[in-house]
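K.L.:
Got a structure for you, written out below as structure tokens; questions coming shortly.
Quick note: the coordinates plus some simple rules give every number you see, no bench work behind them. Please read these numbers as outputs of a predicted model, since none were measured by experiment. In this analysis, Cβ positions are derived from the backbone assuming ideal geometry, glycine residues included, and neighbour counts consider all displayed protein chains.
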Amino acid sequence: MKQLTIDKLTFLRGQCPVVDNASLSVTGGELVGLIGPNGAGKTTLLKSLAGLLKPAAGDMRLDGRALSELSDESRARQIAYLAQERTAHWPISVERIVALGRFPHLAPWQQPGEADLAAIEQAMRETDVLQHRTRQITHLSGGEQMRVLLARALAVRAPLMLVDEPVAALDPAHAIAVMQTLRRNAEAGNAVIAVLHDLTLAARFCHRLALMHRGRIVASGSAASVLSAANLREVYGIGLWDPDQGEMPVIPWQLSTS
């Protein structure tokens, strides 16, 4: 199983540390939820891992090898990345978009083989976009477009998967289905990091949580330990739900079987 280690990572914007001395490890088989308020540094951390940003300091390694030593081709095969910014501008079919996930595995001008086509089909099935395979992505809703781009990331079949807000703009049923897919992907032996704002989904599906605040990882571990009353008050400025208050929150927990 692959292991990702992040050691004392720092990224500066000007002189301001956006990610500040952050350390984290993720092993194949784990879905780790990266949580924290807006501006905590979550997206910057993911972009650094994806090679889109160059940190000022720190070390990032996959199975002991520095990510900076990977060629672009190797990084594209080893790391699948779903960005937070995902507006579709080109009228390309869903199937062709998902097929882009197999390009890192193909030689120039090589056509997808049987294994590639199977990966594309499976990714579309897992994200519930198979019925849209011939439609142009620009004709889909924002939530449907997000699921298509997640399918592209899944089609890579990379041992490390980075997904930034994968359930943003999704209805509750599709949000649960996406989290189930990410957890299955991790339990197949891959390492998955997901930036999440929905703390209920994070607690329900992630094996571990890492809480970021002002660029630092201030807590890491089980949902019960990370989502403590003290942490929620300090980092988010919110309190835990108290059933004695008489209010009934709507908490989507699982898909209906009926």
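K.L.:
Take the Cβ-Cβ distance between ALA188 and ALA83 as r, set R0 to 25 Å, and report the resulting FRET efficiency rounded to the nearest 0.05.
P.N.:
0.65
K.L.:
Tell me, VAL218, VAL250, VAL94 in order of fewest to most beta-carbon neighbours within 10 Å?
P.N.:
Ranked by crowding around the Cβ, least crowded first: VAL250, VAL218, VAL94.
K.L.:
Another question about this same structure. Counting Lys and Arg as +1 and Asp and Glu as -1, each charge on the Cβ, what is the dipole of the chain about the Cα centre in debye, to the nearest 20?
P.N.:
Taking the Cα centre of the chain as origin, the dipole is about 520 debye.
K.L.:
Here's something else I'd like to know. Pick from ALA119, ALA191, ALA173: which is most flexible by mean-square fluctuation in a GNM of the chain where alpha carbon atoms under 10 Å apart are linked?
P.N.:
ALA173
K.L.:
Using only the Cα atoms, what convex hull volume per residue in Å³ does the chain have?
P.N.:
147
K.L.:
Using bins 5 angstrom wide from zero, how does P(r) for segment 97-169 break down, in % of all Cα pairs?
P.N.:
The percentages, shortest bin first, are 3, 17, 28, 25, 17, 9, 2, 0.
K.L.:
Right, here's the next one. How large is ³J(HN,Hα) for each residue in segment 50-58, as worked out from phi by the Karplus curve 6.51 cos²θ - 1.76 cosθ + 1.60 (θ = phi - 60°), to whole Hz, x for Gly and Pro?
P.N.:
6, x, 8, 10, 9, x, 7, 7, x
K.L.:
Quick one: LEU240, LEU34, LEU170, fewest Cβ neighbours within 10 Å first, how do they rank?
P.N.:
Ascending number of Cβ neighbours within 10 Å: LEU240, LEU170, LEU34.
K.L.:
Could you give the nm distance between label points at ILE238 and ALA224, where each point is 7 Å from its Cα heading toward the beta carbon?
P.N.:
Result: 2.2 nm between the two label points.
K.L.:
Can you tell which of VAL32, ALA191, ASN231 lies farthest toward the positive end of the dipole of the chain, using +1 and -1 charges on the Cβ of basic and acidic side chains (Lys, Arg; Asp, Glu)?
P.N.:
ALA191
K.L.:
For the residues ILE79, ILE238, what sequence is obtained by ranking on other C-beta atoms within 10 Å, fewest first? Working shown, then result.
P.N.:
Working: ILE79 23, ILE238 11.
In order of increasing Cβ crowding within 10 Å: ILE238, ILE79.
K.L.:
Continuing with the same structure: Which net charge results when you count Lys and Arg as +1 and Asp and Glu as -1 among the other residues whose beta-carbon is under 13 Å from that of ALA88? Show your work: numbers first, answer last.
P.N.:
Working: positive: ARG86, ARG96, ARG135, ARG147, ARG152; negative: GLU85, GLU144.
Residues near ALA88 contribute +3 overall.
K.L.:
Could you work out [θ]222 nm for the chain from helices alone, using -39500 (n - 2.57) per DSSP H run of at least four and dividing by all its residues? Round to the nearest 500 deg cm²/dmol.
P.N.:
Helices in the chain give a 222 nm mean residue ellipticity of -8500 deg cm²/dmol.
K.L.:
While we're on this one: Under a straight-distance cross-link criterion of Cα-Cα below 16 Å, which lysines are reachable from LYS54, leaving out those fewer than 8 residues away in the same chain?
P.N.:
LYS8, LYS42
K.L.:
Oh, and also: If amide hydrogens are placed 1.01 Å from N in the peptide plane, which non-local residues have theirs closer than 5 Å to the one on ARG216?
P.N.:
Counting only residues 5 or more places away or on other chains, the set is ASP20.
K.L.:
Scan around LEU34 for amide H atoms under 5 Å from its own, H built in the peptide plane at 1.01 Å from N, and keep only partners 5 or more places away or cross-chain.
P.N.:
So LEU34 has HN proximity to ALA194, VAL195, LEU196, ALA210.
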